[in-house]
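Student: Have a look at this one before I ask anything.
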Amino acid sequence: MTEIGAMGSYGVYVYGSYLLMAVVVGLNWWLSARRERLAIEQAMRRLAAHDTKGETP
Amino acid sequence: MGMWTWFHRLASPPSCYRTAGQLKPWFWIPAVLLLGYGLGTGLWFAPPDYQQGDAYRIIYIHAPSAWLSLLAYTTMAVASAVALVWRIKLAHALTAALAPLGASFTLLCLVTGSLWGRPMWGAYWAWDARLTSELILLFLYLGYMALRAAYDERERADRASAVLAVVGLVNVPVIHFSVVWWNSLHQGSTVIRSGGPAMPTSMLIPLLACFFGFTLLLAYLACIRLRAEIVLRERKPTWLVNQGRDHD
């Protein structure tokens with residue numbers, strides 16, 4: 001098993017890559033879920049107000 | 001139910017919205033398991049490479065993100081062609097949903113490639129055929145999204161961006177074969193190559209787990225974004241009330 005820090009000078013590149021991946025996946029998940037939630041809320045508000053304009057004329 | 005009946009039913013927004021919701025757990029649960037195993041094993045348990053030492057462990061992120069960058073773009077191009085030929089609006093929605101995901105994994109591929117290149121090649125970047133064609137892919141994604149944003153009218157944005165997505169497909173085989181066609185600094189194919197994979201099983205199995213895991217993760221994220229696109233495109237999604245927003 002590779003211990004943390006045992007990668008020597010390569011550790012910063014390897015762990016940096018893993019950290020970056022976690023950030024990209026986390027951001028993608030958060031932004032996608034947020035977009036879905038906002039889209040549904042917007043549609044619900046539109047329906048409640050009987051506004052049939054929508055985003056596409 | 002015949003295939004075409006099934007296809008037509010799926011192509012209706014409420015049906016597609018519901019199906020995408022039902023598929024989500026089928027994607028994210030195995031994705032978490034596969035990535036947990038693949039990334040953990042790749043980082044801590046797989047043996048070091050005889051030439052590259054531990055630096056090669058970046059492959060468990062770099063190679064799957066490169067695969068996703070190509071998979072997402074190819075799917076976008078095919079969906080755009082379908083949308084242009086058969087005027088299926090859902091195909092435009094799928095393309096728009098995939099673009100930011102594909103762009104982010106292309107960026108991840110480029111940056112992890114740089115982080116791998118620095119200790120191995122002595123440089124973060126080289127104007128090499130593989131690196132340059134992958135950078136062009138990032139610009140295609142960004143161009144696609146910028147073009148969509150430039151139009152106020154969604155239908156015009158759909159058509160214009162779909163043409164760009166289809167034309168840009170020419171770059172995909174260039175990326176894949178760049179290491180064969182040109183004398184590249186980038187290493188050749190490791191997994192899919194004649195004579196079998198160029199790595200031992202102890203390294204290969206976690207890598208394959210990462211490939212499948214990241215692919216399922218992309219499918220999961222695409223489901224979420226597609227649902228958002230469908231709802232945004234509906235003038236009056238009364239079916240949303242009937243389905244209930246939480247009834248996936």
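Student: Among the residues of region B:169-219, write down those that are among the hydroxyl-bearing types (S, T, Y) and closer than 20 Å to A:V24 by Cα.
Tutor: Matches in region B:169-219: B:T215 only.
Student: Scanning for something part of a helix (DSSP H, G or I), modelled with pLDDT of 95 or more and within 13 Å of chain A (Cβ to nearest Cβ), does region B:75-84 turn up at least one residue?
Tutor: Scanning region B:75-84 turns up no residue that is part of a helix (DSSP H, G or I), modelled with pLDDT of 95 or more and within 13 Å of chain A (Cβ to nearest Cβ).
Student: Okay, next question. Report, by residue number, each residue of region B:64-74 that is within 14 Å of another protein chain (Cβ to nearest Cβ) and surrounded by fewer than 20 Cβ atoms within 10 Å (Cβ to Cβ).
Tutor: Across region B:64-74, the qualifying residue is only B:W67.
Student: Tell me the residue from B:R235, B:R245 that is part of a loop (DSSP other than H, G, I, E, B), within 10 Å of chain A (Cβ to nearest Cβ), under 26 Å from B:L84 (Cα atoms) and modelled with pLDDT under 90, please.
Tutor: Just a single option satisfies the conditions, and that option is B:R235.
Student: Considering only residues that are farther than 14 Å from B:Y220 by Cα, buried (at least 20 other Cβ atoms within 10 Å of the Cβ) and among the hydrophobic types (A, V, I, L, M, F, W, C), which ones fall in region B:35-48?
Tutor: Those that are farther than 14 Å from B:Y220 by Cα, buried (at least 20 other Cβ atoms within 10 Å of the Cβ) and among the hydrophobic types (A, V, I, L, M, F, W, C): B:L39, B:L43, B:A46.
Student: Another question, then. Looking only at residues that are crowded, with 24+ Cβ neighbours inside 10 Å and not hydrophobic (A, V, I, L, M, F, W, C) in region B:88-104, which one is farthest from the chain's Cα centre (by Cα)?
Tutor: Of everything passing the filter in region B:88-104, B:H92 is farthest from the chain's Cα centre (by Cα).
Student: Test B:L185 against the criterion of being over 27 Å from B:L35 (Cα atoms) and modelled with pLDDT under 90, and give yes or no.
Tutor: Against the criterion (over 27 Å from B:L35 (Cα atoms) and modelled with pLDDT under 90), B:L185 qualifies.
Student: Moving on. Output the residues belonging to region B:152-166 that are within 20 Å of the chain's Cα centre (by Cα) and over 13 Å from B:V82 (Cβ atoms).
Tutor: Scanning region B:152-166 gives B:S161, B:V163, B:L164.
Student: List every residue pair whose Cβ atoms sit under 8 Å apart, with the two residues 6 or more apart in sequence or on different chains, where the first one lies in region B:181-204 and is in contact (Cβ under 8 Å) with a residue 24 or more places away in the chain and the second, anywhere, is among the polar types (S, T, N, Q) and not in a loop (DSSP other than H, G, I, E, B).
Tutor: Final answer for the pair search is B:S184/B:S178; B:H186/B:S178.
The values are calculated or read from the model by the stated rules, or taken from the named source; none is laboratory data. If you're wondering where the values come from, they're calculated on a predicted model, not measured in any experiment. Note that we place each Cβ from the backbone using ideal geometry, even for glycine, and neighbour counts take in every protein chain shown.
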